[in-house]
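The values are calculated or read from the model by the stated rules, or taken from the named source; none is laboratory data. What you see is a predicted model, and the numbers here were worked out from it, not measured in a lab. Note: ideal-geometry Cβ built from the backbone for every residue, glycine included; neighbour counts use all protein chains shown.
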């Protein structure tokens with residue numbers, strides 16, 4: 001193992017000398033999994049951040065290298081650390097570790113020992129506020145020379161105890177609130193501090209663990225002390241994108257930047273004896289314009305619930321009381337809406353939900369988002385200033401769902417995937433809107449469950465189109481109101497693309513439901529004199545595409561070079577691509593709406609779709625677009641032939657299609673609908 005680490009250090013040094021930062025980072029990451037206490041690796045990581053001009057993080061790396069170095073190289077490490085600090089005015093603070101103690105003597109002792117074992121002397125202090133423990137831990141703590149002890153005569157609770165420690169801390173230090181039933185793993189606090197100083201706007205940093213809510217819990221294969229330490233060895237290493245922006249962070253191990261204490265304050269003691277004070281603090285940090293960052297490359301062991309959990313009835317009562325206190329405190333300030341979605345991908349329903357989020361922001365609401373699954377949309381939500389977090393098992397976790405009660409003015413659940421969540425909220429004192437987008441196949445798959453659903457009046461069902469309304473009536477036997485998707489209006493009227501041939505395009509997923517084989521069949525059936533006047537494009541993600549369909553397209557390309565296969569594009573590129581297309585084809589076997597068709601109408605293109613595509617219910621065949629029976633290659637061929645022959649006469653068709661967009665799918669229409677269906681009711 002040591003030989004492998006040495007080999008990676010040499011390889012990393014070569015990368016460093018040539019300026020290959022990506023290669024350097026990869027070497028350090030791999031080597032740290034083998035030896036997480038090698039000072040050379042931390043020194044190299046410091047050089048990596050130095051070259052990236054991330055001087056606070058470079059300073060922390062040099063400091064960690066100093067911790068592990070026991071030879072003459074210390075002089076060079078200390079020199080580099082001090083140089084960075086002075087040259088670039090680095091302001092990285094020491095930490096005051098604040099622990100509230102109440103009994104559980106053995107675990108408290110283990111916690112203190114883990115601090116000593118993993119942190120560099122001189123970079124921290126330990127402050128313990130003991131809430132009248134009776135098991136001997138007060139006496140043990142009093143004997144520890146490195147512990148500053150506050151002895152309370154009664155159990156004043158967690159928030160007040162934390163605040164006592166914060167007030168006693170060395171002025172200027174960052175504050176690390178740490179539960180007494182935790183164990184610091186090697187490098188855990190280092191990576192927390194790296195997260196805290198990753199950006200000037202980060203106010204707090206938190207850890208993943210084996211016991212916590214808020215999406216901070218991870219499953220460990222071997223849930224034993226040795227298993228947790230082994231897991232931490234693989235987790236507490238460099239990671240390309242380790243930071244997740246959260247609305248709040250669980251207070252079991254919460255690192256707070258010093259300026260938050262002056263700008264945001266200490267914990268709100270109205271939440272004593274505990275629960276929701278951390279949620280409240282996260283909201284206050286956000287309100288002040290700072291971020292709460294979960295460091296996914298930091299694992300801290302948390303035994304969990306050692307005091308609260310012993311009296312479950314009292315715990316439930318405290319949670320209920322404090323949840324209402326949180327709601328009362330924050331709902332007076334601004335209207336808050338929570339959006340719940342199944343994933344954060346740039347696909348139909350999640351994209352529609354993001355547009356709804358932006359509309360709500362424009363109307364002065366505070367918006368939070370919870371998703372069952374992570375994805376690329378999270379970056380955009382962060383840019384919008386919307387707190388977004390991932391809770392994978394939310395539908396099965398009533399404890400997490402219960403924490404949402406009474407907090408928001410409204411909860412909007414996106415897609416059929418939220419059925420269990422709507423069932424949980426049904427009949428409770430919550431305003432819930434269930435926005436459904438799916439096609440009949442998905443309704444059919446869960447029809448048994450949908451029949452058993454009992455939705456009370458507090459659950460308002462919204463349908464993303466007439467087609468979806470029909471499915472809701474058929475499978476759920478309930479009424480719904482129409483809330484169509486919204487497509488931004490980015491038509492370029494002043495731009496004219498000149499090309500000799502009529503260009504047809506099918507855009508979207510390449511799979512058996514999207515009907516690429518129907519489009520190909522129609523192309524191949526066209527008379528040569530018509531086909532020679534055309535170019536045909538099939539655009540979709542190659543990564544997720546059906547391989548058999550790809551092979552079929554490639555075989556057709558060999559026969560007819562006028563057929564083009566393109567990979568998926570970023571949205572900006574795609575909108576530019578639309579400008580060069582004359583006709584949009586959607587031959588789907590079944591599709592609830594088709595954002596591509598709506599975009600085609602917005603761009604004033606000739607649009608064709610099947611009778612089983614939801615958008616067809618807004619169309620009049622031949623007047624504002626063309627509709628053909630699903631799977632009918634001959635009918636599609638005839639429409640395409642007609643378009644080629646009569647294209648110059650189809651200006652009215654394009655303009656009428658544009659009217660569909662303006663009437664049903666434009667931002668102006670969407671704004672009015674959201675105002676009518678959601679905002680007006682709040």
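Restricting attention to the stretch 233-244, report how many residues are under 20 Å from the mean Cα position of the chain (by Cα), surrounded by fewer than 20 Cβ atoms within 10 Å (Cβ to Cβ) and in contact (Cβ under 8 Å) with a residue 40 or more places away in the chain.
4
With the structure loaded, tell me whether residue 237 is at pLDDT 90 or above, part of a loop (DSSP other than H, G, I, E, B) and over 23 Å from residue 98 (Cβ atoms) or whether it fails that test.
Yes: the conditions hold for residue 237.
When the stretch 310-345 is examined, which residues are found to be in contact with a strand residue (DSSP E or B) (Cβ under 8 Å, 6 or more places away or on another chain), at pLDDT 80 or above and outside any loop (DSSP other than H, G, I, E, B)?
Matches in the stretch 310-345: 336, 337, 338, 339, 340, 341.
Confirm whether residue 451 is within 23 Å of residue 592 (Cα to Cα), surrounded by fewer than 19 Cβ atoms within 10 Å (Cβ to Cβ), touching a helix residue (DSSP H, G or I) at 6+ places or on another chain (Cβ under 6 Å) and not assigned by TED's automatic domain parsing to the domain that holds residue 594. Before you say what the answer is, go through the steps one by one.
Details: within 23 Å of residue 592 (Cα to Cα): yes; surrounded by fewer than 19 Cβ atoms within 10 Å (Cβ to Cβ): yes; touching a helix residue (DSSP H, G or I) at 6+ places or on another chain (Cβ under 6 Å): no; not assigned by TED's automatic domain parsing to the domain that holds residue 594: yes.
Against the criterion (within 23 Å of residue 592 (Cα to Cα), surrounded by fewer than 19 Cβ atoms within 10 Å (Cβ to Cβ), touching a helix residue (DSSP H, G or I) at 6+ places or on another chain (Cβ under 6 Å) and not assigned by TED's automatic domain parsing to the domain that holds residue 594), residue 451 does not qualify.
Does residue 213 count as in contact with a helix residue (DSSP H, G or I) (Cβ under 7 Å, 6 or more places away or on another chain), over 25 Å from residue 39 (Cα atoms) and part of a loop (DSSP other than H, G, I, E, B)?
yes
Restricting the stretch 359-379 to residues that are out of contact with any helix residue (DSSP H, G or I) (no Cβ under 9 Å at 6 or more places or on another chain) and crowded, with 17+ Cβ neighbours inside 10 Å, which is nearest to residue 404 (Cα to Cα)?
We begin by selecting, within the stretch 359-379, every residue out of contact with any helix residue (DSSP H, G or I) (no Cβ under 9 Å at 6 or more places or on another chain); these are 361, 364, 368, 373-374, 376, 378-379.
Going one step further and asking which of them are crowded, with 17+ Cβ neighbours inside 10 Å, we end up with 368, 378.
Working: 368: 11, 378: 20 Å.
Among those residues, the one meeting the criterion is 368.
If you check 226, 278, 222, which single one turns out to be assigned by TED's automatic domain parsing to the domain that holds residue 174, touching a helix residue (DSSP H, G or I) at 6+ places or on another chain (Cβ under 8 Å) and either on the phi < 0 side of the Ramachandran plot or surrounded by fewer than 24 Cβ atoms within 10 Å (Cβ to Cβ) (or both)?
Residue meeting the stated conditions: 222.
Consider the stretch 635-682. How many of its residues are within 22 Å of residue 586 (Cβ to Cβ), assigned to a helix (DSSP H, G or I) and out of contact with any helix residue (DSSP H, G or I) (no Cβ under 7 Å at 6 or more places or on another chain)?
Going through the stretch 635-682 one residue at a time, the tally reaches 16.
Looking at the stretch 565-581, is at least one residue in contact with a helix residue (DSSP H, G or I) (Cβ under 6 Å, 6 or more places away or on another chain), outside any helix (DSSP H, G or I) and in contact (Cβ under 8 Å) with a residue 12 or more places away in the chain?
Taking every residue of the stretch 565-581 in turn, at least one turns out to be in contact with a helix residue (DSSP H, G or I) (Cβ under 6 Å, 6 or more places away or on another chain), outside any helix (DSSP H, G or I) and in contact (Cβ under 8 Å) with a residue 12 or more places away in the chain.
Take the stretch 29-58 and flag every residue that is more than 27 Å from the chain's Cα centre (by Cα) and in contact (Cβ under 8 Å) with a residue 40 or more places away in the chain.
Hits for the stretch 29-58 are 32, 36, 37, 45.
Can we say residue 586 is in contact with a strand residue (DSSP E or B) (Cβ under 6 Å, 6 or more places away or on another chain), at pLDDT 95 or above and within 25 Å of residue 443 (Cα to Cα)?
On the way: in contact with a strand residue (DSSP E or B) (Cβ under 6 Å, 6 or more places away or on another chain): yes; at pLDDT 95 or above: yes; within 25 Å of residue 443 (Cα to Cα): yes.
Yes, satisfied.
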